[in-house]
1. Residues to consider are A185, A126, A176, A99; find the one that is open to solvent by less than 70 Å² (accessible area, probe 1.4 Å) and over 17 Å from A40 (Cα atoms).
2. Does segment 21-33 hold any residues that are surrounded by fewer than 18 Cβ atoms within 10 Å (Cβ to Cβ) and of a type in the set (D, E, K, R), and which are they?
3. Give the residue, chosen from D48, D86, D74, D64, that is out of contact with any Pro (no Cβ under 7 Å at 6 or more places or on another chain), among the charged types (D, E, K, R) and surrounded by fewer than 16 Cβ atoms within 10 Å (Cβ to Cβ).
4. Anything in segment 118-135 that is hydrophobic (A, V, I, L, M, F, W, C) and closer than 22 Å to I150 by Cα? List them, or say none.
5. In segment 74-117, how many are among the polar types (S, T, N, Q) and more than 16 Å from G60 (Cα to Cα)?
6. For residues in segment 130-168 being of a type in the set (V, I, T) and assigned to a loop (DSSP other than H, G, I, E, B), which is surrounded by the fewest Cβ atoms within 10 Å (Cβ to Cβ)?
7. List pairs: first residue in segment 164-186 and at pLDDT below 95, second residue surrounded by fewer than 16 Cβ atoms within 10 Å (Cβ to Cβ) anywhere in the structure, Cβ distance under 7 angstrom, at least six positions apart or on different chains.
8. So how many residues does segment 3-20 have that are surrounded by 13 or more Cβ atoms within 10 Å (Cβ to Cβ), hydroxyl-bearing (S, T, Y) and touching a residue at least 24 places away in the same chain (Cβ under 8 Å)?
Amino acid sequence: MSSTTLTDWAYPLAESLLSETLPRRWAHSQGVAERARTIASILGSDADLMEAAAVLHDIGYSPDLAKTGFHPLDGARYLRDVAHADERLVRLVAHHSCAWMEAEARGMRDELESEFPRERPHLADALCYCDMNTTPDGTPTNPVDRVNEIAGRYGPDSLIGTFIRRAEPEILASTARVVEKLSAAKRQPM
């Protein structure tokens, strides 16, 4: 599969896994992909990869795929074992938005990291930026409000609520690095 068709391949797959059973998650995924398109200028040849990862990042929530209850791992395993997806795409899905911290809280960090090496940091930052700047309904937001929304939705004492608060400094740093790259790109003469 060539990188020029990765996004064309990814959208119908994500739609088939999310649109009927999890329409809100599908709307979120489409919004995350839309954010990816807005940062394509700083991604170069990886822009297609990022948009594909963005639309697929939450497929592990699909009832058909949820095996461990840890959606980054479930989604990545499906992409690797069933869809035979691009290895870099699989790694981005496996590690999106500080997933290693949630894996650690679940006692699954070794499992995650032994199966799926991390992708390049600037791409991990980009996917985190896209995810954390998108509401559950797919509309734009900011990382502070998004973290607050996640903590509020799951509850502050839940595994997810605790994880997202622990991950918040890294999420904010990650998204800030992307904003800085976007600003630097805008300052470059054409």
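1. On the way: A185 fails: over 17 Å from A40 (Cα atoms); A126 fails: over 17 Å from A40 (Cα atoms); A176 fails: over 17 Å from A40 (Cα atoms).
Going through A185, A126, A176, A99 in turn, the sole match is A99.
2. R24
3. Details: D48 fails: surrounded by fewer than 16 Cβ atoms within 10 Å (Cβ to Cβ); D86 fails: surrounded by fewer than 16 Cβ atoms within 10 Å (Cβ to Cβ); D74 fails: surrounded by fewer than 16 Cβ atoms within 10 Å (Cβ to Cβ).
After applying the criteria, what remains is D64.
4. Within segment 118-135, the subset hydrophobic (A, V, I, L, M, F, W, C) is 123-124, 126-128, 130, 132.
Scanning segment 118-135 gives A124, A126, L127, C128, C130, M132.
5. The initial filter retains those residues of segment 74-117 that are among the polar types (S, T, N, Q), namely 97, 114.
Next, from what is left, pick out any that are more than 16 Å from G60 (Cα to Cα): 114.
Total meeting the criteria: 1.
6. Start the filter on segment 130-168 by keeping residues that are of a type in the set (V, I, T), which leaves 134-135, 139, 141, 144, 147, 150, 160, 162, 164.
Add one more test, that the residue is assigned to a loop (DSSP other than H, G, I, E, B), and what stays is 135, 139, 141.
Values: T135: 15, T139: 12, T141: 18.
Among them, the one singled out is T139.
7. Close Cβ pairs (under 7 Å, with a partner that is surrounded by fewer than 16 Cβ atoms within 10 Å (Cβ to Cβ)) amount to A185/S41.
8. So the answer is 3.
The values are calculated or read from the model by the stated rules, or taken from the named source; none is laboratory data. What you see is a predicted model; the values in this text were computed from it and never measured. FYI the Cβ positions are ideal-geometry reconstructions off the backbone, even for glycines, and counts take in every protein chain you see. Remember, those area values only see protein heavy atoms, side chains included, never the ligands or the DNA or RNA. Shrake-Rupley method; radii C 1.70, N 1.55, O 1.52, S 1.80 Å.
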